[in-house]
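**Q** Have a look at this one.
The values are calculated or read from the model by the stated rules, or taken from the named source; none is laboratory data. All of these numbers come straight from a predicted model, not from anything done at the bench. We place every Cβ from the backbone using ideal geometry, glycine too, and count neighbours over all the protein chains shown.
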Amino acid sequence: MATRARKGTRRYGKKAQSTVASAMRRKKRGTLKSGRSGRKVTSRKQAIAIGLSEARKKGAKVPPRRRASSR
C-alpha cells in the first residue's frame, strides 16, 4: 500500500540533485568544509547533508529536515 500512495510524487527537485552532486565533487576534491570549525569533510553522508542544506537555502524542492523525536 505504501508504494502505491507515493507513486508519482517526487520528493526532491532537480536543483536539489545538482546541488548535492556539486557538494560530492567538492568532497572528492577536498575543498568541502563543515560549519563553524571549517574542518575538511570526509564522510559521504555529511557531504550529502551539506548539499541538501545548501539546496534548501537556494529554495530548491527539498523536504524539511527530520526533527529528533521527543521520547
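**Q** Could you list, in sequence order, the residues of segment 8-17 that are surrounded by 14 or more Cβ atoms within 10 Å (Cβ to Cβ) and either of a type in the set (Ser, Thr, Tyr) or in contact with an Asp or Glu (Cβ under 7 Å, 6 or more places away or on another chain) (or both)?
**A** Residue satisfying the conditions is 12 alone.
**Q** Check segment 45-61 and report whether any residue there is in contact with a Gly (Cβ under 8 Å, 6 or more places away or on another chain) and assigned to a loop (DSSP other than H, G, I, E, B).
**A** Yes.
**Q** While we're on this one: Within segment 56-71, take every residue that is of a type in the set (A, V, I, L, M) and at pLDDT 90 or above and give me the one that is surrounded by the fewest Cβ atoms within 10 Å (Cβ to Cβ).
**A** Per the criteria, the residue is 60.
**Q** Considering only residues that are under 24 Å from residue 9 (Cα atoms) and in contact (Cβ under 8 Å) with a residue 24 or more places away in the chain, look in segment 23-55 and name the one that is surrounded by the most Cβ atoms within 10 Å (Cβ to Cβ).
**A** 51
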